[in-house]
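Worksheet: the structure to be examined is printed underneath.
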Amino acid sequence: MKILVCISHVPDTTSKINFTDGDTKFDTNGVQFVINPNDEFGLTRAMWFKEKQGATVHVINVGGPETEPTLRKALAIGADEAIRINTPATDGFSVAKQLANVVKEGGYDLVIGGRESIDYNGGMVPGMLAKLIGANFVNTCIGLEVEGDKATAIREIDGGKETLKTSLPLVIGGQKGLVEESDLRIPNMRGIMQARSKPLNVKEPVTSNAETNTVSFEKPAPKGAVKLVDNVEELINLLHNEAKVI
């Protein structure tokens with residue numbers, strides 16, 4: 001089985017976020033980048049298929065050279081090969097189109113992406129990718145088993161879970177539950193050294209036009225001052241007349 005894991009290069013959630021150029025561009029100065037958590041769950045599941053079933057695991061990212069350390073980390077975790085498509089990730093459709101071209105050329109049986117990335121939270125790339133390559137698709141996936149060309153997937157739904165049977169080729173949008181947080185892997189020194197010699201191939205993009213453009217960003221309003229109250233009557237009065245929540 002040949003697996004492709006989509007890796008988004010996203011800011012660590014502890015990073016301080018700022019914008020430049022009139023709040024139209026994200027300021028990367030001083031920001032630590034990591035593998036998107038939903039993608040990391042998918043990568044860990046792919047490593048299970050590699051170890052238990054002998055699958056080949058490739059990782060891919062759409063972005064500039066600044067994303068290569070993130071791909072190298074995925075290689076250190078255990079992926080066999082990395083691919084970077086040399087173009088900025090401008091919007092969901094253009095990313096899906098770039099990925100689709102590689103999937104078609106590479107003949108992948110299973111494509112694992114995160115349900116969404118934690119930077120833009122678009123949640124659209126896996127579904128569009130499945131449509132572009134004509135593959136089956138399971139979103140919000142929290143469980144996956146593959147036997148031959150058949151797959152059993154469990155996905156999260158409102159109020160419960162749904163078990164689906166499908167066939168390869170398959171695209172999934174994974175999330176926490178696909179593996180547990182305790183199963184995530186930290187690269188060891190041996191893995192880091194091996195990653196240096198593993199192939200990281202840079203591909204030029206296919207022609208694609210962005211369907212959406214970012215107009216501006218806006219940070220949440222700062223929290224107001226805290227008011228301390230001495231009795232329930234005063235609290236009710238503030239909630240009713242000032243906060244207007246009751």
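Some observations on this one:
- Remark on Gly123: its backbone amide H falls under 5 Å from those of Ser117, a criterion applied only to residues 5 or more positions apart or on other chains, H modelled at 1.01 Å from N.
- Note on the chain: helix-only mean residue ellipticity at 222 nm, from DSSP H runs of 4+ residues weighted -39500 (n - 2.57) and normalised by residue number, equals -8500 deg cm²/dmol.
- For the stretch 225-237, 3J(HN,Hα) computed residue by residue from phi via the Karplus equation (6.51, -1.76, 1.60; θ = phi - 60°) reads 5, 8, 10, 9, 10, 9, 8, 5, 4, 5, 4, 4, 4 Hz, glycine and proline entered as x.
- Across the cross-link table entries Lys161/Lys198; Lys198/Lys219; Lys25/Lys203; Lys176/Lys244; Lys97/Lys219; Lys2/Lys161, which are compared at the Cα atoms, the separations over 32 Å belong to Lys161/Lys198; Lys198/Lys219; Lys176/Lys244.
- Structural descriptor for the stretch 2-220: relative contact order 27 percent, calculated from alpha carbon pairs under 8 angstrom and at least 6 residues apart.
- When the chain is described by a simple charge dipole with +1 on each Lys and Arg Cβ and -1 on each Asp and Glu Cβ, the residue from Asn209, Pro88, Leu170 located farthest towards its positive end is Leu170.
- Most positive-pole-ward Cα, Ala55, Gly22, Asn38, against dipole of the chain from beta carbon charges: Ala55
- Coupling constants for the stretch 172-183 follow from the phi torsions by the Karplus curve (6.51 cos²θ - 1.76 cosθ + 1.60, θ = phi - 60°), and in residue order they are 10, x, x, 7, 4, x, 4, 9, 8, 4, 5, 8 Hz; glycine and proline get x.
- Residues in the stretch 12-49 reached by a label modelled at Ile186 [backbone nitrogen below 16 Å; 7 Å Cα→Cβ]: 35
- For the stretch 2-13, 3J(HN,Hα) per residue [Karplus equation, 6.51 cos²θ - 1.76 cosθ + 1.60, θ = phi - 60°, Hz, x = Gly/Pro]: 10, 10, 10, 10, 7, 10, 9, 9, 10, x, 4, 5
- Among 217-225, 150-158, the order from most to least packed when residues are scored by Cβ within 10 Å on average: 150-158, 217-225
- The chain: most fluctuating residue of Lys227, Lys176, Lys165 per GNM, C-alpha cutoff 10 Å: Lys227
- Student exercise, the chain dipole from Lys, Arg, Asp, Glu Cβ charges, in Debye to nearest 20: 800 debye
- Length released on extending from Val31 to Glu68, taking residue separation times 0.36 nm less the Cα-Cα span: 11.8 nm
- Against the compact-protein benchmark of 2.2 N^0.38 Å, the Cα-based radius of gyration of the stretch 2-220 scales to 0.99.
- Comparing Thr90, Thr24, Thr140 in a Gaussian network model of the chain (Cα springs below 10 Å), the most mobile by mean-square fluctuation is Thr24.
- For the stretch 6-146, size of Cβ-based charge dipole, Lys and Arg +1, Asp and Glu -1, in debye: 260 debye
- Long-range amide H partners of Leu144 with built H, under 5 Å: Ile154
- In this structure, the amide hydrogen of Phe137, modeled 1.01 Å from its nitrogen in the peptide plane, lies closer than 5 angstrom to those of Val171, counting only residues at least 5 positions away or on a different chain.
- P(r) tail, the stretch 157-238: Cα-Cα pairs separated by more than 19 Å, 79% of all pairs.
- Choice from Gly114, Gly106, Gly148 showing the highest fluctuation, given a GNM over the chain with Cα pairs closer than 10 Å: Gly148
- About its Cα centre, the dipole of the stretch 151-246 is roughly 780 debye, where the only charges are +1 on Lys and Arg Cβ and -1 on Asp and Glu Cβ.
No lab work stands behind these numbers, since they all come straight from the coordinates. Bear in mind the structure is a predicted one, so any value in this text is a computation, not a measurement. When we count neighbours, we look across all protein chains shown, and the Cβ atoms used for this are built from the backbone with ideal geometry, even at glycine.
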